[in-house]
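The values are calculated or read from the model by the stated rules, or taken from the named source; none is laboratory data. None of these values were measured; they are calculated from a predicted model. As a convention, Cβ positions derive from the backbone with ideal geometry for all residues, glycine included, and neighbour counts pool all protein chains shown.
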Amino acid sequence: MDVGLTSIEMKSLQIVVSNAPRALMECLYLAPDKQDLQECYELMEGLNGLVPKQVQLLLEVCNSVKVKRLFVYMAEKAGHQWFKYLNIERVNFGIGVRSIVKNGIYVDKYKITVPKEFEQNASKL
């Protein structure tokens, strides 16, 4: 699917790359096995200027329940202004619980288990 992709021209080359929210979703897809969750959160912190309509569309077409839950959890944690413009009711978060990490802390709102540091240091995250 082409949602969240953009073309960049470099000399005679045209490269298709992911935009910022899609790139973070791709990182979250690899987490925690191949991508560090703390690093993903730090990337999320820098995404201050996202366009809510783009994020909304990406969340609606994304097939990974884990990715959608982590993305929204981290966006809310980061306190981004664009977050309040999302219509979370239109996003299919699936059913059941997702354990992202072992021995983590369960976040009932998103039905995910995240690293203890995320919730214990919530004011620092």
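What to note about this one:
- Residue match in the stretch 78-95 (condition: out of contact with any Ser or Thr (no Cβ under 7 Å at 6 or more places or on another chain), in contact (Cβ under 8 Å) with a residue 60 or more places away in the chain and charged (D, E, K, R)): no
- Here LEU59 meets each of (1) over 19 Å from LEU5 (Cβ atoms); (2) of a type outside the set (Ser, Thr, Tyr); (3) at pLDDT 95 or above with one exception, condition (1).
- Residue list for the stretch 48-79, restricted to those being closer than 23 Å to THR113 by Cβ and not in a helix (DSSP H, G or I): CYS62, ASN63, SER64, GLY79
- Answer residue from the stretch 80-120, given it is among the small types (Gly, Ala, Ser) and part of a loop (DSSP other than H, G, I, E, B) and is nearest to GLY49 (Cα to Cα) among those: GLY94
- Of all residues in the stretch 1-18 being free of Cβ contacts under 8 Å to residues at least 12 places away in the same chain and either in contact with a Leu (Cβ under 8 Å, 6 or more places away or on another chain) or among the small types (Gly, Ala, Ser) (or both), the one that is surrounded by the fewest Cβ atoms within 10 Å (Cβ to Cβ): SER12
- Condition met for LEU43 (surrounded by fewer than 19 Cβ atoms within 10 Å (Cβ to Cβ) and among the hydrophobic types (A, V, I, L, M, F, W, C)): yes
- Output for the stretch 19-47, where each listed residue is outside any helix (DSSP H, G or I), over 13 Å from MET74 (Cα atoms) and without any contact (Cβ under 8 Å) to a residue 60 or more places away in the chain: ASN19, ASP33, LYS34, GLN35, ASP36
- All of PHE71, PHE118 fail the test of being without any contact (Cβ under 8 Å) to a residue 60 or more places away in the chain and surrounded by 15 or more Cβ atoms within 10 Å (Cβ to Cβ), apart from PHE71.
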